[in-house]
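Undergrad: Handing you this structure, nothing more for now.
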Amino acid sequence: MLTLYLTELLQREYNLKFSERQMKKILDGMEYGIKTLIEDGYSFKLLDTNYEPYVKKPVIYKEIRSGEIKKSDARFDVRTYMSRSYRKELGKKTKHKTNEEPRVIGLYESEVPKNLK
């Protein structure tokens, strides 16, 4: 789906024509580059999303089945953050009406005003 979308976008906006095979090679190269950056510990921004690797500290835990006490290894994990403007834009674009009643959080049913139900 992403390959098809990007192919059409490049053709429509920039008048560039790539075959499906060429687009697959391009996306595979991007995937390899992104994975390499993350494994090397670099932070970067791609498609309005920030990728920030961080080190997860080792944890000592007790395995449930065997009861054995173990220690996990320290390793990289990735935090992703979408920009505030993109989150707002996404929220506006994806609003839709629904017939479902909203969930009530932190209130009793009797405290909810009638006009919000």
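Undergrad: Within 12 Å, Cβ to Cβ, of Tyr86, how many net charges do the neighbouring residues add up to if Lys/Arg are +1 and Asp/Glu are -1?
TA: Values: positive: Lys45, Arg84, Arg87, Lys88, Lys92, Lys93; negative: Asp48, Glu89.
Taking every other residue near Tyr86 into account, the sum is +4.
Undergrad: Any aspartates and glutamates with Cα under 19 Å of the Lys57 Cα? List them, leaving off those in the same chain fewer than 8 positions away.
TA: Within reach: Glu39, Asp40, Asp73, Asp77.
Undergrad: Can you give the accessible area per residue of the chain, in Å², using a 1.4 Å probe?
TA: Spelled out: the 1.4 Å probe surface of the chain, per residue, equals 96 Å².
Undergrad: Using a 1.4 Å probe on the protein heavy atoms, what percent of the accessible area of the chain belongs to carbon and sulfur?
TA: 54
Undergrad: Now for a separate question. Among the lysines, which have Cα under 16 Å from the Cα of Lys62 when same-chain residues fewer than 8 positions away are ignored?
TA: Straight-distance partners of Lys62: Lys70, Lys71.
Undergrad: With n ≥ 4 as the cut-off for DSSP H runs, can you work out [θ] at 222 nm for the chain, using -39500 (n - 2.57) per run divided by the number of residues, rounded to the nearest 500? Numbers along the way, then the final one.
TA: Values: 3 runs with 43 residues, N = 117.
The helix-only estimate for the chain comes to -12000 deg cm²/dmol at 222 nm.
Undergrad: Measure up Lys45/Lys95; Lys35/Lys56; Lys25/Lys56 against 28 Å on the Cα-Cα distance and list the ones that go over.
TA: Those over the limit are Lys25/Lys56.
Undergrad: What full-extension length gain, to one decimal in nm, is calculated for Tyr54 and Leu10 as 0.36 nm per residue of separation minus the Cα-Cα distance? Please list the in-between numbers first.
TA: Working: separation 44, 0.36 × 44 = 15.84 nm, distance 3.38 nm.
Here the segment from Tyr54 to Leu10 would lengthen by 12.5 nm.
The values are calculated or read from the model by the stated rules, or taken from the named source; none is laboratory data. In this text, all values refer to a predicted model and were calculated from it rather than measured experimentally. Cβ: placed from backbone, ideal geometry, glycine included. Neighbour counts: every protein chain shown. With ligands, DNA and RNA removed, areas are computed over all heavy atoms of the protein, side chains included. Shrake-Rupley method; radii C 1.70, N 1.55, O 1.52, S 1.80 Å.
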